[in-house]
Amino acid sequence: PGWLLSPAGRPYLDSILHKNQRRVFGLLERPALPPALAVPTVTYKLFLAGRSGVGKTALVAWLGGTPVPPAHHETLGIEATTLFWPAKPRGSSRPVLFQLQLWD
(Lines give C-alpha, C1' and ligand atoms only; values in the text may rest on other atoms or scores of the structure.)
Protein backbone atom coordinates (compact mmCIF):
# COMPACT_ATOMS: atom_id res chain seq x y z
CA PRO A 1 0.00 0.00 0.00
CA GLY A 2 2.86 2.44 0.63
CA TRP A 3 4.65 1.72 -2.66
CA LEU A 4 3.52 4.94 -4.33
CA LEU A 5 5.17 7.07 -1.63
CA SER A 6 8.34 4.96 -1.54
CA PRO A 7 11.49 6.01 -3.43
CA ALA A 8 10.72 3.40 -6.12
CA GLY A 9 7.16 4.65 -6.65
CA ARG A 10 7.75 8.38 -6.32
CA PRO A 11 8.72 9.00 -10.00
CA TYR A 12 5.41 7.44 -11.09
CA LEU A 13 3.47 9.63 -8.67
CA ASP A 14 5.36 12.72 -9.84
CA SER A 15 4.33 11.98 -13.44
CA ILE A 16 0.64 12.46 -12.59
CA LEU A 17 1.06 15.48 -10.29
CA HIS A 18 1.67 19.14 -11.06
CA LYS A 19 2.43 21.43 -8.09
CA ASN A 20 1.18 18.71 -5.70
CA GLN A 21 -2.18 18.62 -7.49
CA ARG A 22 -3.41 15.86 -9.79
CA ARG A 23 -2.79 16.81 -13.42
CA VAL A 24 -5.83 16.84 -15.69
CA PHE A 25 -5.25 14.76 -18.81
CA GLY A 26 -7.28 14.91 -22.00
CA LEU A 27 -8.65 11.85 -23.74
CA LEU A 28 -5.51 11.47 -25.89
CA GLU A 29 -2.91 12.52 -23.30
CA ARG A 30 -0.97 10.40 -20.86
CA PRO A 31 1.76 10.95 -18.25
CA ALA A 32 5.29 11.33 -19.58
CA LEU A 33 7.61 8.74 -18.08
CA PRO A 34 11.32 8.31 -18.85
CA PRO A 35 12.03 5.27 -21.08
CA ALA A 36 13.64 3.44 -18.16
CA LEU A 37 10.37 3.69 -16.21
CA ALA A 38 8.01 2.78 -19.06
CA VAL A 39 5.24 0.49 -17.85
CA PRO A 40 2.20 -1.14 -19.46
CA THR A 41 -1.06 0.80 -19.37
CA VAL A 42 -4.27 -0.96 -18.34
CA THR A 43 -7.41 0.87 -19.48
CA TYR A 44 -10.80 0.70 -17.82
CA LYS A 45 -13.89 2.59 -18.89
CA LEU A 46 -16.24 3.27 -15.98
CA PHE A 47 -19.77 4.48 -16.70
CA LEU A 48 -21.56 6.19 -13.81
CA ALA A 49 -25.34 6.14 -13.96
CA GLY A 50 -27.93 7.02 -11.37
CA ARG A 51 -30.63 9.40 -10.31
CA SER A 52 -30.18 13.13 -10.65
CA GLY A 53 -28.43 14.92 -7.79
CA VAL A 54 -26.89 11.90 -6.04
CA GLY A 55 -23.25 13.02 -6.51
CA LYS A 56 -21.95 11.29 -9.66
CA THR A 57 -20.31 14.47 -10.98
CA ALA A 58 -18.95 15.35 -7.52
CA LEU A 59 -17.42 11.86 -7.25
CA VAL A 60 -15.70 12.19 -10.63
CA ALA A 61 -14.41 15.67 -9.73
CA TRP A 62 -13.09 14.43 -6.38
CA LEU A 63 -11.34 11.42 -7.97
CA GLY A 64 -9.91 13.61 -10.74
CA GLY A 65 -8.54 16.19 -8.31
CA THR A 66 -10.67 19.04 -9.65
CA PRO A 67 -12.88 21.27 -7.50
CA VAL A 68 -16.22 19.74 -6.60
CA PRO A 69 -19.08 21.90 -7.94
CA PRO A 70 -20.66 23.84 -5.05
CA ALA A 71 -24.19 23.69 -6.48
CA HIS A 72 -26.15 21.04 -8.34
CA HIS A 73 -26.25 21.45 -12.12
CA GLU A 74 -27.64 18.64 -14.22
CA THR A 75 -25.05 17.09 -16.54
CA LEU A 76 -26.26 17.26 -20.12
CA GLY A 77 -25.11 14.31 -22.19
CA ILE A 78 -21.91 12.58 -21.10
CA GLU A 79 -18.79 14.13 -19.63
CA ALA A 80 -15.63 12.02 -19.94
CA THR A 81 -12.73 12.39 -17.49
CA THR A 82 -9.45 10.52 -17.88
CA LEU A 83 -7.66 9.60 -14.67
CA PHE A 84 -4.26 7.88 -14.42
CA TRP A 85 -3.09 5.98 -11.36
CA PRO A 86 0.19 4.04 -11.04
CA ALA A 87 0.12 0.90 -8.93
CA LYS A 88 2.24 -2.15 -8.21
CA PRO A 89 0.02 -5.23 -7.98
CA ARG A 90 0.80 -7.71 -5.23
CA GLY A 91 2.93 -10.58 -6.46
CA SER A 92 4.27 -8.53 -9.36
CA SER A 93 7.73 -7.04 -9.65
CA ARG A 94 6.65 -4.45 -12.21
CA PRO A 95 4.24 -1.53 -11.74
CA VAL A 96 1.38 -0.77 -14.11
CA LEU A 97 -0.34 2.48 -15.03
CA PHE A 98 -4.12 2.33 -14.75
CA GLN A 99 -6.00 4.61 -17.13
CA LEU A 100 -9.53 5.12 -15.88
CA GLN A 101 -11.97 6.73 -18.29
CA LEU A 102 -14.82 7.95 -16.12
CA TRP A 103 -18.02 8.62 -18.05
CA ASP A 104 -20.56 10.67 -16.15
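The values are calculated or read from the model by the stated rules, or taken from the named source; none is laboratory data. All of these numbers come straight from a predicted model, not from anything done at the bench. Cβ atoms come from the backbone with ideal geometry, glycine included; neighbour counts cover every protein chain shown. All accessible areas refer to the heavy atoms of the entire protein, side chains included, with ligands and DNA or RNA removed. Shrake-Rupley method; radii C 1.70, N 1.55, O 1.52, S 1.80 Å.
Some points to look at:
- Bridge type composition, the chain - antiparallel percent by DSSP, nearest 5: 60
- Of all accessible heavy-atom area on segment 29-104, the percent that carbon and sulfur account for (1.4 Å): 61
- Partners for Lys56 among lysines (Cα-Cα distance below 22 Å; same-chain residues under 8 apart left out): Lys45
- Only protein heavy atoms count here; on that basis, with a 1.4 Å probe, Glu29 has an accessible area of about 90 Å².
- Under the Karplus curve 6.51 cos²θ - 1.76 cosθ + 1.60, θ = phi - 60°, whole-Hz ³J(HN,Hα) for segment 88-102, x wherever Gly or Pro sits: 10, x, 4, x, 10, 8, 10, x, 10, 10, 7, 10, 9, 9, 8
- Taking Arg30, Arg51, Arg94 in turn, the Gaussian network model of the chain (Cα-Cα springs below 10 Å) assigns the largest fluctuation to Arg51.
- Segment 26-31 - phi-based ³J(HN,Hα) in whole Hz, Karplus 6.51/-1.76/1.60, Gly and Pro as x: x, 5, 9, 9, 8, x
- Phe84 long-range amide H proximity, modeled H, under 5 Å: Leu100
- Rule-of-thumb Rg ratio for the chain [Cα; 2.2 N^0.38 Å; N residues]: 1.19
- Annotation for Glu29 and Ser92: the two label points, set 7 Å from Cα along the Cα-Cβ direction, are 2.5 nm apart.
- Per-residue ellipticity at 222 nm, computed for the chain from helices alone with -39500 (n - 2.57) per DSSP H run of at least four residues, works out to -4000 deg cm²/dmol.
- Across the chain, C-alpha contacts under 8 Å between residues 6 or more apart give a mean separation that, scaled by the residue count, equals a relative contact order of 34 percent.
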